[in-house]
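The structure under discussion appears below in the form of structure tokens.
The values are calculated or read from the model by the stated rules, or taken from the named source; none is laboratory data. Here the structure is a predicted model, which is why all the values come from computation and not from measurement. Cβ: placed from backbone, ideal geometry, glycine included. Neighbour counts: every protein chain shown. Protein only, heavy atoms only, side chains kept; ligands, DNA and RNA dropped before computing areas. Shrake-Rupley method; radii C 1.70, N 1.55, O 1.52, S 1.80 Å.
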Amino acid sequence: MKLFSPAWNSENEKTALRAVEKITGQKKLAQVAKEAKNSNVRAAAVRKLGDADWLLLGDIAKNDSYAGVRAAAVGKLGGAYRYLLADIAKNDSDKDVREVAVGKLTDADR
């Protein structure tokens, strides 16, 4: 049994989101993006992630259980990931995630 749970993993969503707002380290944001219990907290961490961790963003875009988190990750992917974006645009189970991927592909073509 864990005695201490970080604030970003609080049962109270507002508390957890406030904690994410204060995080500046990319490693910590990556941890929150992958491990937070609350999907809105994971999405907030993804939005704050820098664009340097493409592997993590790609993994989240393909595999997170919550569509909002996947969409946030897709929104951070650049045009260099056109094959991944195309796969997501064709195959993601959520219409909104597919639309974000299509938008990123369209932006990359300009």
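What does the charge count around residue 19 come to, taking other residues whose C-beta lies under 15 Å from its C-beta (Lys +1, Arg +1, Asp -1, Glu -1)? It works out to a net charge of +4. Normalised per residue, the accessible area of the chain is 60 Å², obtained with a 1.4 Å probe and no contribution from ligands, DNA or RNA.
Report the Stokes-Einstein translational diffusion coefficient (µm² s⁻¹, integer) for the range 46-94, Rh taken as the Kirkwood radius over Cα pairs, at 37 °C with viscosity 0.692 mPa s. The Stokes-Einstein estimate is 311 µm²/s.
Based on alpha-carbon centroids, what's the gap between the range 21-38 and the range 55-110 in Å, whole number please? Using only Cα atoms, the two centres lie 20 Å from each other.
At 1.4 Å probe size, with the rest of the protein present, what percent of the exposed accessible area of the chain is carbon and sulfur atoms? The C+S portion of the solvent-accessible surface of the chain is 52 percent.
In the chain, Cα pairs under 8 Å separated by at least six residues give a relative contact order of 17 percent. Against the criterion of solvent-accessible heavy-atom surface with a 1.4 angstrom probe, 82, 18 sort, most first, into 18, 82. With the whole protein complex present, residue 5 retains an accessible surface near 60 Å², based on a 1.4 Å probe.
Annotation: for a label point projected 7 angstrom from Cα along Cα→Cβ of residue 11, residues of the range 38-67 with backbone N closer than 20 Å are 38-42. Listed options for log10 I(q)/I(0) by the Debye sum over Cα atoms at q = 0.18, 0.24 Å⁻¹ are (i) -1.13, -1.33; (ii) -0.81, -1.22; (iii) -0.80, -1.54. The value calculated from this structure is the one marked (ii). A convex hull fitted to the Cα coordinates of the range 1-46 yields 71 cubic angstrom per residue.
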